[in-house]
1. Which pairs have Cβ atoms under 9 Å, sit 6 or more apart or on different chains, and link a residue in segment 371-391 that is more than 17 Å from residue 359 (Cα to Cα) to one that is of a type in the set (Ser, Thr, Tyr)?
2. Has segment 285-298 got at least one residue that is among the hydroxyl-bearing types (Ser, Thr, Tyr), closer than 27 Å to residue 105 by Cβ and either surrounded by fewer than 17 Cβ atoms within 10 Å (Cβ to Cβ) or within 14 Å of ligand 2 (Cβ to nearest atom) (or both)?
3. How many of the residues in segment 415-429 are exposed (fewer than 13 other Cβ atoms within 10 Å of the Cβ) and either touching a Cys at 6+ places or on another chain (Cβ under 9 Å) or more than 17 Å from residue 360 (Cα to Cα) (or both)?
4. Out of the residues in segment 359-406 meeting the condition of being outside any helix (DSSP H, G or I) and acidic (Asp, Glu), tell me which one is surrounded by the most Cβ atoms within 10 Å (Cβ to Cβ).
5. If you check every pair at least six apart or on different chains, which have Cβ atoms under 6 Å apart with a residue in segment 224-241 that is without any contact (Cβ under 8 Å) to a residue 40 or more places away in the chain first and a residue that is assigned to a loop (DSSP other than H, G, I, E, B) second?
6. For segment 207-264, what are the residues that are in a loop (DSSP other than H, G, I, E, B), over 25 Å from residue 363 (Cα atoms) and among the small types (Gly, Ala, Ser)?
7. Can you tell me which residues in segment 195-221 are touching a helix residue (DSSP H, G or I) at 6+ places or on another chain (Cβ under 6 Å) and within 16 Å of ligand 1 (Cβ to nearest atom)?
8. Among the numbered criteria (1) at pLDDT below 95; (2) under 22 Å from the mean Cα position of the chain (by Cα), which single criterion is violated by residue 66?
Amino acid sequence: SMAEKSFKYVIIGGGVAAGYAAREFAKQGVKPGELAIISKEAVAPYERPALSKAYLFPEGTARLPGFHVCVGSGGERLLPEWYTEKGISLILSTEIVKADLASKTLISAAGETFKYQILIIATGSTVIQLMDFGVKGADAKNIFYLREIDDADKLVEAIKAKKGGKAVIVGGGYIGLELSAALRINNIDVSMVYPEPWCMPRLFTAGIAAFYEGYYANKGIGIIKGTVAVGFGTNENGEVTDVKLKDGRVLEADIVVVGVGGRPLTTLFKGQVEEEKGGIKTDSFFKTSIPDVYAVGDVATFPLKLFNEIRRVEHVDHARKSAEQAVKAIFASEQGTSIDEYDYLPYFYSRAFDLSWQFYGDNVGETVLFGDNSPTSPTHKFGTYWIKDGKVVGVFLESGTPEENKAIAKVARVQPPVDSLEQLATEGLAFASKI
Ligand code: FDA
Ligand code: NAD
């Protein structure tokens, strides 16, 4: 039988949460040989958001080792040597295919066995594929998804091979908006297709979306709403040539990028651990229903204290902070001490072209748009407040300065009362700046 390896702590997954967990383990004084990170990817943990942004730029392109964690939050860059120095085993290109939480055993695709005392699940998300909905021809060449660095490398090759070509972006969410911009910057003719009446409906109001749709149209991006891709045409090499839409239109395409959502990777643990809202249920310390098993990042469904609700969050800031919280909790419990409950303020952001927005809080209740959301406004500075039960609970701001972004974060945390929505609209950003 193959050798069995044993560790005090194992992190399954080598993404953002794993990288930030490793740094926290080192801070807490983990001893050489105690910690292993097992990752399907071939590289040390990196800042995943770069893949849909600077990784795809024609100039000023980001490449590893430039964006290993923790540079995305202004921290130290953890190169592979860092893990060696700390005695942390980075077990790469290794997919775990079986997890038995009862016997504390993990088995890899190559048949290796790993034992642990404490497990942190940090498997993140995978992409939802058009094949999952039975879309015909969805397995054609040059149809891309984007989750990991290997996916990004394939896309970069296609961008180079199809210079001046046409791309269709399927989906109007984060991937749709960031990839349309990245491909357009590469001088590709881009069209976006999505079923909803406006882009990013998960977060944007119609007023917010109107700005981005207008801005993208001015950049020459075609926007086709209210329909979906139902099939693809291919040439004799099996490469995609066109996208057939449900409304009967056919769009030529040399490259297709699909971003129709993610799905947390919990399959390995099905039936072994309590799940809720599609994720692995945890407490405020990211402990699951099984002793000595923690879950962090995209896979965790955790108590969001601020809203008195349990939620799953698929964004990088939470991946970082949940990982740190779990590791602190592990060391505290070993030392017989305690730490504060996780008290997270949701924070999402995106960047595309020369635009950059931030959102804090919750997007529920009534909304108030402020500033100039005209796509041709010279400053691009506008935003939206969400108001529930007479209090501001969420704030969105495009093109904010660092101080203004700090101010909107504070508003979302403090949840100040609002007397008049009209007055809030008139005050706009000034309301946030005085909190
Ligand atoms: P993450 O996906 O980072 O890592 C999971 C790791 O587990 C991967 O290395 C995977 O290979 C590995 N794994 C999975 N199953 C395994 C198995 N069975 N065996 C071994 N290894 C396994 N958010 C944001 O706030 N702002 C942004 O701008 C962006 N931009 C962005 C761009 C792109 C292209 C993507 C895909 C995502 C973003 N995000 C984002 C979201 C953000 O990146 C995401 O929420 C975090 O990466 C989640 O961190 P995790 O560590 O949970 O998963
Ligand atoms: P998403 O949930 O943001 O968007 C999915 C979009 O798919 C929907 O808005 C809809 O327009 C579209 N859609 C759904 N079904 C469709 C269909 N049949 N045909 C065409 N369009 C359809 O998901 P995503 O953009 O794929 O992102 C994947 C994951 O990566 C998410 O977890 C996301 O949070 C993360 N991500 C985050 C960022 C960021 O925070 N800036 C950037 C990139 C990716």
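1. Pairs found: 372/379; 375/212; 375/215; 375/216; 376/215; 379/399.
2. yes
3. Qualifying residue count for the region: 5.
4. The selected residue is 398.
5. Listed pairs, sorted by first residue: 227/246; 227/247; 241/235.
6. Scanning segment 207-264 gives 220, 238, 248, 253.
7. Answer for segment 195-221, where residues must be touching a helix residue (DSSP H, G or I) at 6+ places or on another chain (Cβ under 6 Å) and within 16 Å of ligand 1 (Cβ to nearest atom): just 199.
8. (1)
The values are calculated or read from the model by the stated rules, or taken from the named source; none is laboratory data. Owing to the predicted nature of the structure, the values given are computational and were not obtained by experimental measurement. Cβ sites come from the backbone with ideal geometry, for glycine too, and all protein chains shown count toward neighbours.
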